[in-house]
Amino acid sequence: MAGTAPNWRVAARALGEGQLWANLAIPGAGARLTLHTDGTPESVANPNAFHLGATKSGAKLMVKPTRQDFFVDEITAPVDTIITAMESAIAAELVGVTDMDLLELLTSGFGTLSSASGYEEISFGTKADTFTSIAHIFPTREDPTKFAVWHLYKAMNDAGLDFGSAKKEMSFTPVNFKSYAISTRAAVDQYGKYWKQAA
Amino acid sequence: MKAVTIEDLKKELGDESAARAAYAKIARIGGFGDIGSEFKDGLPALDVGGLSEAKQKRALEVISEAKGEPEKAKTTDKPADKKQEGK
């Protein structure tokens, strides 16, 4: 009897910088974000795409269920479980803390952009929430001409703005784009999608 | 295929309510979901290029019908021709 060959999955590793894009088009059922060959959002399919710029240390991509387990008195282990909530997000720290267009995107629900000759500003005060379609796109290590995409269809930064100004430390503001469901999409595809290009 | 945007629909149809109605119909055809205006800058673009050719054709028909053109749209840009092209 022979052993079983291990698969170390090292070809599937993620290592290398990606790009964060917002204001992307929403893909239809069964479809994905349309990419250009260089891995950026294809501009005709994504006419409003907005690059969020450089980050302190890349992006963190998260999707997580909250489960409730069920027990019977006679058995100590749970006998059933259901998902009671889902959370998905893209988190990063962004360098562009004086880019007012970027800051407007980050201050959904409380930031209002205005500009005129000589100034640009974000004023703070509550207003209607707005969402954005956001994705982190990065080249795969196994083939740098192919890209992986973590796309949240409807998301909002819930981290606000939080940055300093100092001589010896460059400023970054943390962002956490939390996903919300487009509840009328197919149940299996309401939040977003993680996919990669394949040969 | 070019994304469907509410701005383009307004230009094509000349009326916001007609544009919104066409947008909603196309969103239903493509399984985008009932997307509201709660996105930044209003309704987001719909990437119809990823849809099947039949659904793309139906989306174009919706626009033609909204413009009062009863004949069916005759052509579609093939998504494979547009994807991966240069900017």
Inset, instruction - Hey, can you grab everything whose amide H is under 5 Å from the amide H of A:Val175? Only 5+ residues off in sequence or another chain; H modelled, so Pro and N-termini drop out. - result: A:Ala92, A:Glu93, A:Leu94
Inset, instruction - In nm, give the distance between the simple-model label positions of A:Lys64 and A:Trp195, each being 7 Å from the Cα along the Cα-to-Cβ direction. - result: 2.7
Legend entry - Amide H contacts of A:Arg141 (H built 1.01 Å from N, under 5 Å, at least 5 apart or other chain): A:Leu15
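Provide the net charge surrounding B:Leu51, with neighbours chosen by a C-beta distance below 11 Å and charges set as Lys +1, Arg +1, Asp -1, Glu -1. Intermediate results must be reported in sequence, preceding the final value.
Numbers: positive: B:Lys55, B:Lys57, B:Arg58; negative: B:Asp47, B:Glu53.
Result for the neighbourhood of B:Leu51: +1.
Calculate the FRET efficiency for A:Thr84 and A:Lys168 from the Cβ-Cβ distance with a Förster distance of 51 Å, rounded to the nearest 0.05. Walk me through the numbers before you get to the answer.
Working: r = 46 Å, r/R0 = 0.90.
That gives a FRET efficiency of 0.65.
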Inset, instruction - Select from the stretch A:1-67 those chymotrypsin sites (Phe, Trp or Tyr not before Pro) which occupy a DSSP coil region and have at most 14 other Cβ atoms within 10 Å, ordered by residue number. - result: A:Trp8
Inset, instruction - Rounded to whole Hz and in sequence order, give me ³J(HN,Hα) for the stretch A:56-65 from the Karplus expression 6.51 cos²θ - 1.76 cosθ + 1.60, θ = phi - 60°, writing x for Gly and Pro. - result: 6, 8, x, 10, 10, 10, 9, 9, 8, x
Inset, instruction - Pop the C-beta distance of B:Glu69 and A:Ala181 into the FRET formula with R0 = 25 Å and round what comes out to the nearest 0.05. - result: 0.10
Legend entry - Karplus 3J(HN,Hα) series, Hz, for the stretch A:181-186 with 6.51 cos²θ - 1.76 cosθ + 1.60 (x for Gly, Pro): 7, 8, 5, 8, 6, 4
Inset, instruction - Quick one: what are the phi-derived ³J(HN,Hα) couplings along the stretch A:135-144, Karplus 6.51/-1.76/1.60 with θ = phi - 60°, whole Hz, x for glycine and proline? - result: 9, 10, 10, 9, x, 6, 6, 6, 7, x
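Bear in mind that the values in this text are calculations on the coordinates, not laboratory data. All values derive from a computational prediction rather than experimental measurement. Please note: Cβ atoms are built from the backbone with ideal geometry, for glycine as well, and neighbour counts cover all protein chains shown.
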